[in-house]
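What follows is a short report on a single structure.
The values are calculated or read from the model by the stated rules, or taken from the named source; none is laboratory data. Since the structure is predicted, the reported quantities are computational estimates derived from the model, not experimental observations. Here Cβ is always computed from backbone atoms with ideal geometry, including for glycine, and neighbour counts include all displayed protein chains.
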Amino acid sequence: MKSHYYSQHAAALRTELGHTLSRDQLVAFHAKDATRHMVIAARQFAILALATWALMAIANPLIWIPLAFVQGFTVFNFTVLLHEVVHHTIFDHRRPVAERVFGWLYAVPSGISASQFTRWHLDHHAELGSDEDDPKRHHLSPKVNARWFKLLYCSPALFPIYFRAARKESATYPAALQQRIAFERKVSMAAHLAVLALIWTLAGSGAALRAYIVPVFFIFPIAFTLNRLGQHYDIDPTDTAKWGTLMRGHWFWDFAFLNSNYHLEHHYFSGVPFYRLPELQRALAPFYERHRMRWQNYSGLVYGWLVQNHAPHTNWAAAEENRDAAAAPAGAGAVDLARSDSTLHPR
């Protein structure tokens with residue numbers, strides 16, 4: 001049984017957020033535009049198709065390596081589109097059959113089970129802040145705070161790490177749901193093997209390496225890990241408003257991650273479609289200023305994660321301050337105090 005940890009701790013936050021935005025703003029932000037969603041989804045499928053074709057045809061590394069990054073990030077972004085299905089943000093009203101079709105459509109390119117992703121992600125929302133009940137934190141976050149171990153998440157090792165985490169969590173699900181998840185995984189795996197075999201047959205092993213193996217097994221993990229860094233790794237566990245990382249919007253990352261870099265805003269208002277999240281962030285600027293929240297970007301996250309070796313789900317700013325204080329020379333505090341005293345009482 002889950003504890004609904006977030007609801008137990010976020011009542012005051014939700015009240016404040018509800019007062020920060022007007023009713024008209026809330027209605028506008030929650031408006032769904034199915035056509036807009038489908039245009040973006042069609043664009044992603046077009047990018048996937050064109051990148052695949054180009055990677056099969058072009059062997060020049062100056063061209064195919066950047067294209068492999070485009071391909072890998074595009075494959076990852078189908079999980080973002082699936083995420084929209086999970087939160088029912090495609091259509092104005094619930095459409096179970098259509099949503100089930102879109103769930104399959106988005107889950108297969110990213111190689112996962114739509115049912116597993118749905119249960120996992122909704123549990124993550126309900127149990128945010130809990131070390132035990134949030135499946136992302138409990139099963140997937142690195143338990144070894146070492147740089148070599150963190151780098152495994154940016155490599156093909158991500159796949160056994162992820163599927164081991166998913167298997168552990170799904171073992172707690174009802175038997176019928178476990179069976180559906182197993183079936184969906186088999187379909188996704190069969191689809192991926194068929195695509196790999198088709199590329200290999202039509203264009204050879206080199207094309208298969210460029211168009212499938214490198215993007216899926218080497219670039220996808222980078223996209224996955226980078227995106228995850230911007231979710232809940234640099235937080236303040238003592239303040240519910242800061243249980244997510246506040247990422248500064250940027251046109252490049254907005255496009256590269258389909259606005260999933262606005263993860264904090266998504267947790268505040270999970271019913272807002274992804275294409276409205278940048279505007280929502282701008283509207284919440286006074287709230288962020290009032291709470292003196294720390295803005296992050298991906299370069300800062302990578303530096304803090306790998307260079308400074310901060311632990312996940314902790315306050316990185318506080319850790320940096322403690323580290324600086326510990327590294328200060330003996331007597332520095334007394335000198336600073338003397339300087340302060342001389343400023344207050346000049347001789």
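Okay, here's what the table says:
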read-out: Test: residue in region 160-171 that is farther than 28 Å from residue 236 by Cβ and touching a residue at least 40 places away in the same chain (Cβ under 8 Å); value: yes
read-out: Unmet criterion (only one of (1) surrounded by 15 or more Cβ atoms within 10 Å (Cβ to Cβ); (2) farther than 21 Å from residue 273 by Cα; (3) among the small types (Gly, Ala, Ser)) for residue 146; value: (1)
read-out: Residue that is surrounded by the most Cβ atoms within 10 Å (Cβ to Cβ) [pool: residues in region 123-143 that are assigned to a loop (DSSP other than H, G, I, E, B) and among the small types (Gly, Ala, Ser)]; value: 130
read-out: Which numbered condition residue 78 fails, given (1) free of Cβ contacts under 8 Å to residues at least 40 places away in the same chain; (2) surrounded by fewer than 19 Cβ atoms within 10 Å (Cβ to Cβ); (3) within 23 Å of residue 187 (Cα to Cα); (4) not β-branched (Val, Ile, Thr); value: (2)
read-out: Of all residues making up region 1-30, the number that are in contact with an Asp or Glu (Cβ under 6 Å, 6 or more places away or on another chain) and either surrounded by fewer than 16 Cβ atoms within 10 Å (Cβ to Cβ) or on the phi > 0 side of the Ramachandran plot (or both); value: 2
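Here is a yes/no grid of residues against (1) modelled with pLDDT of 95 or more; (2) closer than 22 Å to residue 28 by Cβ; (3) within 17 Å of the chain's Cα centre (by Cα); (4) buried (at least 17 other Cβ atoms within 10 Å of the Cβ):
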site	(1), (2), (3), (4)
254	yes, yes, yes, yes
259	yes, yes, yes, yes
275	yes, yes, yes, yes
285	yes, yes, no, no
293	yes, no, no, yes
320	no, no, no, no
331	no, no, no, no
334	no, no, no, no
341	no, no, no, no
